[in-house]
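The values are calculated or read from the model by the stated rules, or taken from the named source; none is laboratory data. Note that the coordinates shown come from a computational prediction; the quantities given were computed from them, not determined experimentally. Methodologically, a virtual Cβ is constructed for each residue, glycine included, from the backbone with ideal geometry; neighbour enumeration extends over all protein chains shown.
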Amino acid sequence: MLNNVGYALAVEKLLEIESKVPERAQYIRVIVGEISRITDHLTCIAASAMELGALTIFFYLIKAREWLWELLEEVSGARLTHSYVRIGGVVADLPAGWPAKLRDVLAKTRVSMRDADKLLTNNKIFRDRMDGIGIINKADAAGWGLTGPVGRSTGLAYDVRKDHPYLVYDRFDFDVPIGSTGDNFDRYAVRMEEIYQSMRILEQALGTLPEGPTIINDPRVALPKKTETYNSIEAMIAHFKLIMDGLHVPPGEIYSFTEGGNGELGFYIVSDGTGRPWKCRVRPPCFANVAILDKILPGLFIADVVPTFGMMNMIGGECDR
Amino acid sequence: MATEANPPAETVSVTVDGKQHTFKKGMNLLEACQSVGAKIPFFCYHPGLSSPAVCRQCLVEIKGSPKPVPSCYVTVADKMEVTTNSPKVLDIRRQMLEFTLLNHPIDCPICDKAGECSLQRHYFDWDAKLARNEGDKVRKAKVVDVGKHIVLDQERCILCTRCIRVCNEVAKAPELTMANRGSHEVLTTAPGQRLDNPYSLNTVDVCPVGALTSKDFRFTRRVWELAATPSVCPGCATGCSIEIHSSRGKIYRLVPRENQAVNKFWMCDEGRFEYKAVHANRLLFPSSGGKRAGVDAAVTEAARLLWSGMADGGSLGVVFSFAATNEDTHALARLVSEALKVERVYAAGKAPGWSDDILVSADKNPNRTGVERIVQLPLRNLKDLTSDVASGSVRTLLVLENSALELDTSKLAGLVLLSSHKGPLAEAAHVALPVASWAEVDGTFTNKTGRVQRINAAFPPPAEALAAWRIIATLANKLGVDLKLGSADDVFAEEVRRYPFMKDADWGPPPAQLVQLRFGASRG
């Protein structure tokens, strides 16, 4: 969902329609984005703990992730490969009763998080593998372009949501946790705290979610409703043109960036005025993050590669673009 | 100063959207506005036809006129002040589109025109509002078999009358007409008529929507999957400019390309079916002694046969083809003069056929003029060839194309054929080498007026076929002569230096990248 949002925002900036995206859609984008961030962090912690032998933690956290994914599946129809955000809004409103379900899931997730926290954070076996391993200093983090939890673990307080607010993030009260030593444990701790901060944002967003449309009212941008498409020639043509010819974006270029699960997720798009981007380059955060492994791994034990690489949270599909 | 010998400049000054411009006197207002960048949509106007002003899309405001005026119907006048984009004009345009769409069927998913449809484009550009009508649409006849090549869908027709004018003004065959009135008005054939004039498929090209579709093309390919390659029709000596519309090495249709000097906007129906031969009955692999052989082995054997022919006291003959490009002809002419040193050359091609005074020529070969001007030796004809072979004075033959020739080959000691197609001569040949067809090579044709026109390869030749000039160059090599021909434009450059009739010809820019026919790249 974070990728969905990042790309849509980039295209909307080129189209100069950011301000016309309905408020409800912007809130919904924040909500699904923060859920995605939580699932990302949960997966990272769960998998890393498992790789260090703590299989119980894996079950606790992955179960929580599954509850959250079920919610995303309910809005987007897909468990993992979500396609819910559209240029100009989101494809459909939240299903009836969905916010209540999310509140319920968040409460359950807090319980799982508490259990994991109790079992892991002060566990000597876990701490021995994490503390002081894979240290990155703040200057290196800035120099290598490290962002997200990895960058923040070094004390670099950079979060796109705070430093360059987009959507309606400036309306929510949340903190950006930072580390001090930049080791594996700091990266773990930052992620744990970010989950709680995302929950704070979600609770505020649910509380202030405005009513209204969920996609821009512009037939040259938004697809008409399916019933209209099947029953009127006007909507049929609009649908046909948008699907087959694409959404025509005025010539120009844009670098638009958001806070992804692993850090600054950037989209650089060049439009030549046609319905397809002339160039579309993604800045995947973990591509930059992984690059520093070359510097921090030498000198460590082979066994240290496991938690260090785990805490970098390299996602193949994100890194390889 | 204006005198009788030096009349005043024939120009008028017109203000278009607040900017003053100078146009030639008598110019059509729509064309004038377009030429200075004003965007005006239209359905019924066509640069090659008269303007009936029926679609009302091109309405503009002219200062002093009480009502908006169809710009396609007006000629520019001095001090005219035109507005093409005022709120009133835009509103009228939108309303006219709403009317046009009122009874238009929801056919885009099954309509062949979808993707190159003017109605889709104009609706999206100038209207883009959702439907307001709630009643049923007026139903009309679908799948009306109006002619040999054409199917009519009366529901899709937006009554622009372009097709009627094509029949009347281009084909001079008034076969179509409008019947009934208002919402019930339909396009139909005139009483007792069918739409089957030799130019009937131009109606499909000019149709802004999918009312008239080609039986040959419909439901074969969505248009945005096609790539357009500029070329020249090989169907007759007129040499109409065309576009090859192909996808993955297969041609789906040939359509005319604007060329004011030759075919304007049109081409004949017969020419459109020339593409079928590109994919039928092709010679794909070289053969030697009746057996499949590698290209190199076949060329070596061909060289040996020609060598023996040369040694056999002037019994070697070479047959040129009126269907081959200037480049192939030039390469063969050089082989004849520099390697084979024969005097006995022939030329053959397709038999003459019907003609008219519109576009169709009696000579069904695309490059007779080119061959006659490039080959410096006296060209003997098919009759000479038949009698020379029968009398035994020619015992070895090198033939380019012409695989369909009916020739008694029993007395030939050697027959080398370079051909794109199978045929009786390919069966009889001692060595047969497959060559590329006109759709697969970069080259030029010379039409009957001596105009040298460029053709472009739409896709590579099939199987082991190669451009004929390339095989000829290899053959020359085997015979100990280096023709130094590296690429098609090398051959062309050499022709330009050598032949006076080609001195002004231009190869043009490097073959353009194929253009996907996405929403009117070249059509609509």
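Tell me the helices (runs of 4 or more DSSP H) entirely within the stretch A:1-81 that contain at least 3 residues that are within 22 Å of residue A:206 (Cβ to Cβ) and touching a helix residue (DSSP H, G or I) at 6+ places or on another chain (Cβ under 6 Å).
Here the list reads A:23-51, A:55-76.
Any residue at all in the stretch B:308-323 that's of a type in the set (Val, Ile, Thr) and more than 14 Å from residue B:397 (Cα to Cα)?
No, the stretch B:308-323 has no match at all.
Among B:112, B:107, which is within 21 Å of residue B:163 (Cβ to Cβ), at pLDDT below 95 and touching a strand residue (DSSP E or B) at 6+ places or on another chain (Cβ under 6 Å)?
B:112
Which one is farthest from the other protein chains (Cβ to nearest Cβ) among residues in the stretch B:126-154 that are of a type in the set (Asp, Glu) and buried (at least 22 other Cβ atoms within 10 Å of the Cβ)?
Selected residue: B:153.
Within the stretch B:339-361, take every residue that is in contact with a Leu (Cβ under 7 Å, 6 or more places away or on another chain) and either more than 21 Å from residue B:312 (Cα to Cα) or acidic (Asp, Glu) (or both) and give me the one that is surrounded by the most Cβ atoms within 10 Å (Cβ to Cβ).
Among those residues, the one meeting the criterion is B:348.
Can you name the residue in the stretch B:70-123 that is under 29 Å from residue B:141 (Cβ atoms) and among the acidic types (Asp, Glu) and is also surrounded by the fewest Cβ atoms within 10 Å (Cβ to Cβ) among such residues?
For the stretch B:70-123, the residue satisfying everything is B:98.
Which number in (1) of a type outside the set (Val, Ile, Thr); (2) farther than 26 Å from residue A:238 by Cα; (3) over 34 Å from the mean Cα position of the chain (by Cα); (4) crowded, with 16+ Cβ neighbours inside 10 Å marks the one condition that residue B:182 misses?
Condition not satisfied by residue B:182: (4).
Which residue, of A:216, A:201, is of a type outside the set (Phe, Trp, Tyr), within 14 Å of chain B (Cβ to nearest Cβ) and in contact (Cβ under 8 Å) with a residue 12 or more places away in the chain?
Going through A:216, A:201 in turn, just one is of a type outside the set (Phe, Trp, Tyr), within 14 Å of chain B (Cβ to nearest Cβ) and in contact (Cβ under 8 Å) with a residue 12 or more places away in the chain: A:216.
Of the residues A:102, A:167, A:119, which is at pLDDT below 95, more than 30 Å from residue A:298 (Cβ to Cβ) and part of a helix (DSSP H, G or I)?
When all the criteria are applied, what remains is A:119.
Which strands (runs of 3 or more DSSP E) does the stretch B:161-243 wholly contain that include 3 or more residues that are farther than 25 Å from residue B:355 by Cα?
B:176-179, B:186-189, B:227-232
Using the structure shown, decide if residue B:60 is within 23 Å of residue B:10 (Cα to Cα) and either in contact with a Lys or Arg (Cβ under 9 Å, 6 or more places away or on another chain) or at pLDDT 95 or above (or both).
no
Report, ordered by the first and then the second residue, all pairs with beta carbons closer than 6 Å, sequence separation of six or more or different chains, a first member in the stretch A:228-251 that is touching a residue at least 60 places away in the same chain (Cβ under 8 Å), and a second member that is part of a helix (DSSP H, G or I) and surrounded by 20 or more Cβ atoms within 10 Å (Cβ to Cβ).
Final answer for the pair search is A:249/A:14; A:249/A:15.
Tell me, please, whether a residue that is free of Cβ contacts under 8 Å to residues at least 60 places away in the same chain, under 29 Å from residue B:269 (Cα atoms) and charged (D, E, K, R) can be found in the stretch B:354-370.
Checked the stretch B:354-370: at least one residue is free of Cβ contacts under 8 Å to residues at least 60 places away in the same chain, under 29 Å from residue B:269 (Cα atoms) and charged (D, E, K, R).
Residues are listed down the side, and each one gets a yes or a no for (1) of a type in the set (Phe, Trp, Tyr); (2) surrounded by 14 or more Cβ atoms within 10 Å (Cβ to Cβ); (3) assigned to a helix (DSSP H, G or I):
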position	(1), (2), (3)
B:296	no, no, yes
B:300	no, yes, yes
B:306	no, yes, yes
B:313	no, no, no
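For the stretch B:145-167, how many residues meet the condition of being more than 11 Å from residue B:207 (Cβ to Cβ) and out of contact with any Ser or Thr (no Cβ under 9 Å at 6 or more places or on another chain)?
2
Taking interchain pairs and intrachain pairs at least six residues apart, which have beta carbon atoms under 9 angstrom, with the first residue in the stretch B:379-405 and closer than 18 Å to residue B:333 by Cβ and without any contact (Cβ under 8 Å) to a residue 60 or more places away in the chain and the second hydrophobic (A, V, I, L, M, F, W, C) and surrounded by 13 or more Cβ atoms within 10 Å (Cβ to Cβ)?
Hits for this filter: B:379/B:320; B:379/B:345; B:379/B:347; B:379/B:371; B:380/B:345; B:380/B:347; B:381/B:347; B:381/B:348.
Can you find a residue in the stretch A:222-230 that is more than 30 Å from residue A:161 (Cβ to Cβ), within 14 Å of another protein chain (Cβ to nearest Cβ) and of a type in the set (Gly, Ala, Ser)?
There is no residue in the stretch A:222-230 that is more than 30 Å from residue A:161 (Cβ to Cβ), within 14 Å of another protein chain (Cβ to nearest Cβ) and of a type in the set (Gly, Ala, Ser).
If you take the residues of the stretch B:258-268 that are surrounded by fewer than 22 Cβ atoms within 10 Å (Cβ to Cβ) and of a type outside the set (A, V, I, L, M, F, W, C), which of them is farthest from the chain's Cα centre (by Cα)?
The extreme case among them is B:260.
Would you check which residues across the stretch B:101-125 are of a type in the set (A, V, I, L, M) and within 7 Å of chain A (Cβ to nearest Cβ) and list them?
Across the stretch B:101-125, the qualifying residues are B:101, B:106, B:114.
For residue A:98, are the conditions met, namely being free of Cβ contacts under 8 Å to residues at least 40 places away in the same chain, of a type outside the set (A, V, I, L, M) and surrounded by fewer than 17 Cβ atoms within 10 Å (Cβ to Cβ)?
Yes.
Please work out which residue is nearest to the chain's Cα centre (by Cα), limiting yourself to the stretch A:273-311 and to residues that are away from chain B (no Cβ under 14 Å) and among the polar types (S, T, N, Q).
A:289
What is the one condition in (1) within 14 Å of chain A (Cβ to nearest Cβ); (2) free of Cβ contacts under 8 Å to residues at least 24 places away in the same chain; (3) over 30 Å from the mean Cα position of the chain (by Cα); (4) assigned to a helix (DSSP H, G or I) that residue B:91 does not satisfy?
Every condition holds for residue B:91 apart from (1).
Has the stretch B:39-52 got any residue that is without any contact (Cβ under 8 Å) to a residue 60 or more places away in the chain and touching a strand residue (DSSP E or B) at 6+ places or on another chain (Cβ under 6 Å)?
Taking every residue of the stretch B:39-52 in turn, none turns out to be without any contact (Cβ under 8 Å) to a residue 60 or more places away in the chain and touching a strand residue (DSSP E or B) at 6+ places or on another chain (Cβ under 6 Å).
Do you know which of the residues in the stretch B:452-470 that are of a type outside the set (Gly, Ala, Ser) and more than 15 Å from the chain's Cα centre (by Cα) is farthest from residue B:237 (Cα to Cα)?
It comes out as B:464.
Kindly establish whether residue A:268 is surrounded by fewer than 13 Cβ atoms within 10 Å (Cβ to Cβ) and away from every other protein chain (no Cβ under 14 Å).
Criteria not met by residue A:268.
Test residue B:50 against the criterion of being under 30 Å from residue B:12 (Cα atoms), surrounded by fewer than 21 Cβ atoms within 10 Å (Cβ to Cβ), more than 35 Å from the chain's Cα centre (by Cα) and away from chain A (no Cβ under 14 Å), and give yes or no.
no
Quick check on my filter: what residues within the stretch B:278-307 are over 27 Å from residue B:342 (Cα atoms) and out of contact with any strand residue (DSSP E or B) (no Cβ under 7 Å at 6 or more places or on another chain)?
The answer is B:280, B:291, B:292, B:294.
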